[in-house]
Amino acid sequence: MTIVTDAPARPFVQAAERFRTVLWNDSADPDELRRSIALGAVGATCNPVIALTAIRTHPDVWTPRLHELAAAHPTWGESELGWQAVKELSIEAARLLEPAFAASGGRDGRLSIQTDPRLHRDVDALVAQAVEFSQLAENIIVKIPATATGIAAMEEAAFRGVSINSTLSFTVPQAVAVGEALDRALARRREAGLPEREFGHVVTIMGGRLDDWLKVWTVKKRILTTPGTLDWAGVAALKKAHSVFQERGFRSRILSAAFRNHLQWSELVGGDLVVSPPFDWQHRIDANGIPAEDRIGEPVPAAVLDELVSLSEFRRAYDVDGMRPEEFADFGAARNTLRQFLDADAQLDALVRDILVPAA
């Protein structure tokens, strides 16, 4: 594809002007977020992977800051210090998003901070941390895993007034289960006489990670597919989930994350949803002038969808009833991604250790 160097149309700005499709940045690094906001971003995210990258990218900022934190909190271990860095990075990013938060009445301008993945088996611990994180800034939204345990925690945290984003989420049945739980929480608040407000709840589908898993699964099963077919799997799930959310009137929005190709934006434009690509993908889409056309209602090519639904693992991810909540945590993409999140936690601990106790 030829790169467009002087195209007047900015795809993300154009999409936001014409449709309800909005851009969030898949990083809380302040320098990157400022550039993303210039492209039209009205939200962002932070987690141990992002914090790890930010600390490595800006050692001039974080090395002295971690030494300050260690001196101020002499009993804190590496994990507590690392998570304090995650919180501070999130607070700084949240400040940059305050104008979008005010302009949208709280629907956008959100900074997503992820709960500690090591808590993934404990409902009460997830709820307690979600409540704690929600108090860092008015425009914080908290990520909780879309497992049976996590969805129970989401409902309770949302009832207590926490704005929710789901993570570890790859499939239509997960998204629908989360949407139902968040609506139950809103109904419980209404019944309890608690104030109604805009929570900005979003329900993530990590479309690219669904593609990744199906590519692994088909290799394991020795199944050959038409080249390019599996690159549509996440897009198909996102389109289906958005359609279900509209039909059922859920008060949360779908969020497209884990980009592997521009279809995970361009095929969703026109929908009332969020797209959250890494900044490099934003820059590439912008530089190539990928058009912002209303494509959310355009079906996945029939031949592609027919081939996808011939795969039992895709049907589990695509059908509303393809999996029970008890199966969510054991879905291949969920296991692989949780391991990555847990590894990032361990790497963040190690990075803090190396800063505070360098090798002799």
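The values are calculated or read from the model by the stated rules, or taken from the named source; none is laboratory data. As the structure is a prediction and not an experimental result, all values here were calculated from the model. Reconstructed Cβ throughout: ideal geometry from the backbone, glycine too, with neighbour counts over all protein chains shown. These area figures cover heavy atoms from the full protein model, side chains too; ligands, DNA and RNA do not enter into them. Shrake-Rupley method; radii C 1.70, N 1.55, O 1.52, S 1.80 Å.
Name the long-range amide H neighbours of Ile141: under 5 Å, sequence gap of 5 or more, or other chain; modelled H, no Pro or chain starts.
Leu111, Ser112, Ile113
Find which of Ala334, Val304, Val320 sits farthest along the positive direction of the dipole of the stretch 284-339, computed with +1 on the beta-carbon of Lys and Arg, -1 on that of Asp and Glu, about the Cα centre.
Of Ala334, Val304, Val320, it is Ala334.
Hey, what's the Kirkwood Rh for the stretch 233-338 if you take every pair of different alpha carbons, in angstrom?
On the way: mean 1/r = 0.0664 Å⁻¹.
Answer for the stretch 233-338: a Kirkwood hydrodynamic radius of 15.1 Å.
When we measure straight from the Cα of Lys215, which lysines land under 21 angstrom away, once same-chain ones fewer than 8 places off are left out?
Correct list for Lys215: Lys239, Lys240.
Alpha carbons only, please: Rg and Dmax for the stretch 305-360, in angstrom.
18.9, 60
For Asn25, list long-range residues whose amide hydrogen, built 1.01 Å from N in the peptide plane, is under 5 Å from its own amide hydrogen.
HN-HN under 5 Å from Asn25: Val42, Gly43, Ala44, Thr45.
Can you compute 3J(HN,Hα) from phi for each residue in the stretch 80-89, using the Karplus curve 6.51 cos²θ - 1.76 cosθ + 1.60 with θ = phi - 60°, rounded to whole Hz and x for Gly and Pro?
After applying 6.51 cos²θ - 1.76 cosθ + 1.60, I find 5, 5, x, 6, 5, 5, 4, 5, 5, 4 Hz.
In 10 Å bins starting at 0, how do the alpha-carbon pair distances of the stretch 190-284 split up by percent?
Once binned at 10 Å, the Cα pair distances of the stretch 190-284 give 15, 40, 27, 13, 4, 1.
If the cut-off is a Cα-Cα distance under 14 Å, which aspartates and glutamates reach Lys220, setting aside same-chain residues fewer than 8 apart in sequence?
Asp212, Glu313
Rg to Rh ratio, the chain, alpha-carbon atoms and Kirkwood radius?
Details: Rg = 20.0 Å, Rh = 20.8 Å.
The Rg/Rh ratio comes out at 0.96.
Using amide H atoms built in the peptide plane, which far-off residues or other-chain residues are under 5 Å from Arg20 H to H?
Gly270
Hey, what's the chain come to in accessible area per residue, 1.4 Å probe, Å²? Intermediate results must be reported in sequence, preceding the final value.
Numbers: 15360 Å² over 360 residues.
In whole numbers, the chain has 43 Å² accessible per residue.
Tally up the carbon and sulfur contribution to the accessible surface of the chain as a whole percent, 1.4 Å probe, everything protein left in place.
Details: 7850 of 15360 Å².
Within the chain, the accessible surface is 51 percent carbon and sulfur.
In vacuum, with every alpha carbon of the stretch 68-193 counted as one equal point scatterer, what does the Debye formula give for log10 I(q)/I(0) at q = 0.13 Å⁻¹? Two decimals, please.
-0.56
Which lysines, if any, have their Cα less than 22 Å from the Cα of Lys87, not counting same-chain residues under 8 positions apart?
By straight Cα distance, Lys87 reaches Lys143.
Each residue of the stretch 102-116 in order: what ³J(HN,Hα) in whole Hz does its phi give by Karplus 6.51 cos²θ - 1.76 cosθ + 1.60, θ = phi - 60°, with x for Gly and Pro?
Whole-Hz 3J(HN,Hα) from phi for the stretch 102-116: 5, 5, 9, x, x, 6, 10, x, 9, 10, 7, 10, 8, 5, 4.
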